[in-house]
There are 2 protein chains.
Amino acid sequence: MTATFGPGEKLKPAELQGEYGCSANTIRDVLLRLAKVGLVEFEMQRGFRAKHSTPEHRHDVAQFRIMLEQEGARLSILQGGLDWEARLSASHHKLRHIETQIIRDQQHDTYVTLWSDAEYEFHDTLISACKSSVLRETFESIYVQFRQQMVNLERDFGTDYFKAIIVEHQSILDAALARNIAGCQAAIYDHLKRNLSSNHVGPTLQRTAEITA
Amino acid sequence: MTATFGPGEKLKPAELQGEYGCSANTIRDVLLRLAKVGLVEFEMQRGFRAKHSTPEHRHDVAQFRIMLEQEGARLSILQGGLDWEARLSASHHKLRHIETQIIRDQQHDTYVTLWSDAEYEFHDTLISACKSSVLRETFESIYVQFRQQMVNLERDFGTDYFKAIIVEHQSILDAALARNIAGCQAAIYDHLKRNLSSNHVGPTLQRTAEITA
DNA sequence: CTTCCAAGAAATTTCAAAATTTTTGCGATT
DNA sequence: AATCGCAAAAATTTTGAAATTTCTTGGAAG
């Protein structure tokens, strides 16, 4: 996720052993566990590779994430209680504070881990009342893959980017707290659509204009 | 998946070593790979367990499968060509033949692997034109988990059961070939709804009556 | 009666080397 | 010029045992 290895790069336990100060078998063990999360590719009898990265795959991951998050949000809005609202507000407050600081300090690189963790916490809290551990765990996996795919993509995470996503996160929060399912799903789509390629069939739920109004 | 181990049962490499005629480390390696598919639970420093099984979890797995299959079918119907139609017909023909034989011969247990493979092939072919490897791989994982959850549930896989699912598979096929997205999604819901618990929030797409008509 | 702690037992993880499998390089054949 | 086969090299997998961590048990303290 830190682009230490290029997309599709071979990961050989015998070589990495030195870098990480442990035996080749331990590396293998760890790589198998990373494969479970989808960060590493594994093929029997032919070892490990860092996940490949193509425009098609990035679109694929983004679209899948949209579907999971929209469904998780729907179920949470239907089933979440006051406790969920409180936790969602809290995680949003934290995220917003960090994003504001990033814009002020211009220290984008320093905060990257802090921001990434807070962003995950917000999106995870959003779907946390869905009462589906399968959906929740799959989302964690795809979120990590999503972030991994974006690392390789040298986009300008400039001030404008953060100004935009502050608004987007706010829209998601507002719709969720207002128990507006369609509006929340539209806000999720708007938040993530920059990662979709055009000339592809889009996700089911993407209506935006009239719903949020 | 053959209920060799009970739900939640501890899986200790040192013990299984004897059963499978290999070293404990090889067992560990294999269990890590089964954990990737979701058939085995793994927790750092505390080993492996066969997946737990509760009514809530079975509902969860079934609902998630419905969502994936409905979305996969939608994308396939939109994007699949003649080749997809041909492969879908072929896999359905094979599945139907096996199901008919099962009803005739009453040999339910003999055909179980054959049937299970053919059933997976049909459902996988249905979503095979979705152009999303992430969706396809997640579906494979959840299908296997679904089957695993059902093994522990001693239900009557009697003649009536197979008579019913022959009709259900036919409905899915017909709607797919007719490029009827909503109808196909409804047929998928009807096929799998027996695995959902009541008193739970249901999946998004479950309308059935008027759509298929 | 519960809680805490330590020692022993059991389980998990790591290691280094051997065995197996795949990949590579090169010459012969079509 | 391309394909095939074979030996060497490289990589992956398996092994058995050592090191580490967790779990259990029984007794002392609160």
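The values are calculated or read from the model by the stated rules, or taken from the named source; none is laboratory data. What you see is a predicted model, and the numbers here were worked out from it, not measured in a lab. FYI the Cβ positions are ideal-geometry reconstructions off the backbone, even for glycines, and counts take in every protein chain you see. The accessibility values were calculated without ligands, DNA or RNA, using every heavy atom of the protein model including side chains. Shrake-Rupley method; radii C 1.70, N 1.55, O 1.52, S 1.80 Å.
Below, the figures for the structure above:
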{"quantity": "Complete set of residues in segment A:17-35 that are more than 11 Å from DNA strand C (Cβ to nearest atom) and more than 16 Å from B:V37 (Cα to Cα)", "calculated": "A:E19"}
{"quantity": "Search result, residues across segment B:18-55 that are in contact with a helix residue (DSSP H, G or I) (Cβ under 9 Å, 6 or more places away or on another chain), among the basic types (K, R) and within 10 Å of DNA strand D (Cβ to nearest atom)", "calculated": "B:R28, B:R33"}
{"quantity": "Entirely in segment A:83-186, the helices (runs of 4 or more DSSP H) that have 2 or more residues that are open to solvent by 80 Å² or more (accessible area, probe 1.4 Å) and within 14 Å of chain B (Cβ to nearest Cβ)", "calculated": "A:133-151"}
{"quantity": "A:E15 vs. criteria over 17 Å from the mean Cα position of the chain (by Cα), within 16 Å of DNA strand D (Cβ to nearest atom), of a type in the set (D, E, K, R) and in a helix (DSSP H, G or I)", "calculated": "yes"}
{"quantity": "Hits in segment A:34-62 (condition: at the interface with chain B (Cβ under 8 Å from one of its Cβ atoms) and under 12 Å from A:S141 (Cα atoms))", "calculated": "A:A35, A:K36, A:V61"}
{"quantity": "Residue list for segment A:15-40, restricted to those being open to solvent by 50 Å² or more (accessible area, probe 1.4 Å) and among the charged types (D, E, K, R)", "calculated": "A:E15, A:E19, A:R28, A:R33, A:K36"}
{"quantity": "Cross-chain or 6+ apart pairs with Cβ under 9 Å, segment B:44-70 first and assigned to a strand (DSSP E or B), then open to solvent by less than 40 Å² (accessible area, probe 1.4 Å) and more than 15 Å from DNA strand C (Cβ to nearest atom)", "calculated": "B:A50/B:G6; B:A50/B:L39; B:A50/B:Q148"}
{"quantity": "From B:M44, B:M1, residue being at pLDDT below 95 and under 30 Å from A:E71 (Cβ atoms)", "calculated": "B:M1"}
{"quantity": "Checking B:I77 against (1) within 12 Å of another protein chain (Cβ to nearest Cβ); (2) closer than 30 Å to A:N25 by Cβ, the condition it does not meet", "calculated": "(2)"}
{"quantity": "Filtered residues of segment B:1-14 (kept if near DNA strand C (Cβ under 7 Å from one of its atoms) and surrounded by fewer than 16 Cβ atoms within 10 Å (Cβ to Cβ))", "calculated": "B:K10, B:K12, B:A14"}
